[in-house]
Every structure is written in C-alpha cells, then in structure tokens.
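I have placed the structure first, in the form of structure tokens, so that the comments after it can refer back to it.
Each value in this text was obtained by applying a stated rule to the coordinates, not by laboratory testing. This is a predicted model, so every value here is computed, not measured. Note: ideal-geometry Cβ built from the backbone for every residue, glycine included; neighbour counts use all protein chains shown.
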Amino acid sequence: MRGQITDDVTSFYSNYPYPSIRFPFGKRHRQFVGKLISLWGFSPESIRGKEVLDAGCGTGEKALLLAHMGAQVTAVDICQKQVERAYGLAKMHNQDIHFAVADVTRLSLNRKFDGILCSGVLHHTADPHGAFRRLCAHLKPGGRIIVGLYNAYSRVHYRVVRAALRTAFRGDPGRIMSFIAHNPFAAPLRTASLPTLYDRYAVPHESYHTLGEVRKMFAENGIEVHAISPEVCGPDTITQLCWLLQGKSFFFVSGVKLS
Ligand SMILES: C[S@@+](CC[C@H](N)C(=O)[O-])C[C@H]1O[C@@H](n2cnc3c(N)ncnc32)[C@H](O)[C@@H]1O
C-alpha cells in the first residue's frame, strides 16, 4: 500500500514538472552533468557502454545526456507523468533509453548496474535509507553510486519561507505556487526559474541529511565513499558549517560497491 507521502509527492510532480531544463544540451547543463560524471567516478570516455540507472529521473535531462554520451540508460520515476515527459524528451532527441514507472523504496528491476545516479530524490521519499538499500542491491560489485541530498544544516532560509507558505496555504502546492508566481508580495522570492521555485517552496515532503548520516548509510551497505561535493574542509561538522556559510544546500556523495 502506498503512503500519504508517496501519493502527495507523486501528485505534486505530476502537476509541476521538474527539473524541466530548457536547454539540456546547453553549455551550462552539459558542464553540470560532466562534473557529476566525474564525481561519480566515471569520465566521458569510461561512461560509454556502461549500464546506468537514473533513479528518480524527473523530466529526464540527465538521462538524456548520459545516453547521448553512450551509456546504456535505464531511467525510472514514481511519477508516470514525469516518465512520459522524460520519454518524450528522449524520443525528440533520438536517444534510446529504457523507461519504467517505479518506486525507489521498493525497487526490484531484476538486474544490476555499473552506475546508479539518484539526485534530489531520496529526500522526497518516505524512507530514504530503505530506498538507498534497494538501490545498492541493484549495483554490480565495483559499481558506482552517487546520491544528491539536502543538507541538514543548510537551506534554513528556504525552510522558514516554505513552512510559512505551507501554513498560510494549508500545504496546497497550487495555492503556494499561484502566490509565488503572481502575488506582488512574493516578488523577492522570484530569484530562480519557476520549476526551481516550486521545488524549493511547494514540494509536499522533504527531509534533510548530514554528511555523517550518509557516510554511515554508505558503510552499512558496503559502499566505500569516493567523492563528496561541495568540497570537504575538515571534520564533517566544520564542513557542514562551511556549506552553511556558503549557502550550499545540496550535496553529493558518491561511492563504490566493495563486493
Ligand atoms: C527534485 S526531482 C529530481 C529529478 C532528477 N533526478 C534531477 O536530478 O533533476 C525528484 C524526482 O523524484 C521522483 N520521486 C520522488 N519519490 C520517488 C520514489 N519513491 N521513487 C521514484 N521516484 C521518486 C519525483 O517524481 C521527481 O521526479
């Protein structure tokens, strides 16, 4: 049985496509995905031919670039509408990607991958640790996983605004977004594209994670940490303080499955 969080999050992304990158082959997005690939532990050459899973692919722009670079991509998302959008994008660019509607917390694809990318997804699930465990079960020995999560010590300013908006509009994403998009009082909030704004302020559920927690989660699943971004600048508490001061609210951790 699906829970309330899953239903709310699925319904949210049905109505509000994310990330909806306008130019997936544009320089900025290509550079971002290039960095992600290197953090993951691959290179533009080594990703070619690799079987990779984009878990929680959203509107599919990352999967698209990975396929374009020669990876054999499977992309899943819990939200059928998101999968349809991603499928449409891949078709428009003649990329062969295998798509499926699937919940990462119950993932069972009957196959294993050389690489798994799960960016901005676990913190919208009811069970981020359980979902990570399911993902690791789909990784080949020596396979590489990268997750992107909200940092527990940052995003404070967004969280305050988000809580206020959720209280004022009784958690209704439609009303929150209408306020942000049209109300003159919300003008100072409009510092990013609309998809970024609704992902920032209107998503029905998000959780926040520490570096220590993610290190533990990796260790418990036999994953050795390979890279962390933004940069680590000392013990975890100091690093997270640095991220807080730099306003870095999202972090990536990648690792390799030991056996
Ligand atoms: C913030 S978007 C991230 C999209 C993409 N990974 C990216 O980096 O741009 C979150 C996506 O995770 C999906 N999602 C949320 N919960 C999920 C779950 N339990 N299983 C699979 N996908 C899920 C949502 O439908 C949405 O498309």
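Observations on the structure shown:
- The charge dipole of segment 1-41, taken about the Cα centre with unit charges on the Cβ atoms of Lys, Arg (+1) and Asp, Glu (-1), comes to about 400 debye, rounded to the nearest 20.
- Loop-located trypsin sites (Lys or Arg not before Pro) in segment 152-259 whose Cβ has at most 14 other Cβ within 10 Å (DSSP): Arg170, Arg190
- Taking the Cα centre of segment 156-201 as reference, the dipole from Cβ charges on Lys and Arg (+1) and Asp and Glu (-1) amounts to some 120 debye.
- From least to most packed, judged by other beta carbons within 10 angstrom and beginning with the fewest, Asp127, Asp77 follow the order Asp127, Asp77.
- Considering only Ala181, Tyr201, Val156, and ranking their Cα positions along the charge dipole of segment 156-201 that arises from unit charges at the beta-carbon of Lys, Arg, Asp and Glu, the one farthest toward the positive end is Val156.
- Among the GluC sites (Glu not before Pro) within segment 144-242, those in coil by DSSP and having at most 15 neighbouring Cβ atoms inside 10 Å are Glu231.
- Centre separation in Å (Cα based) which lies between segment 30-63 and segment 76-103: 16
- Fewest-first ranking of Leu122, Leu36, using other Cβ atoms within 10 Å as the exposure measure: Leu36, Leu122
- What you get for the chain, charging only the Cβ of Lys and Arg (+1) and of Asp and Glu (-1), is a dipole of about 340 debye around the Cα centre.
- Percent antiparallel among DSSP beta bridges (both partners in the chain, rounded to 5): 40
- GNM flexibility winner over the chain from Leu194, Leu139, Leu64 (Cα, springs under 10 Å): Leu194
- Relative contact order (%) - the chain, alpha-carbon pairs under 8 angstrom, separation at least six: 21
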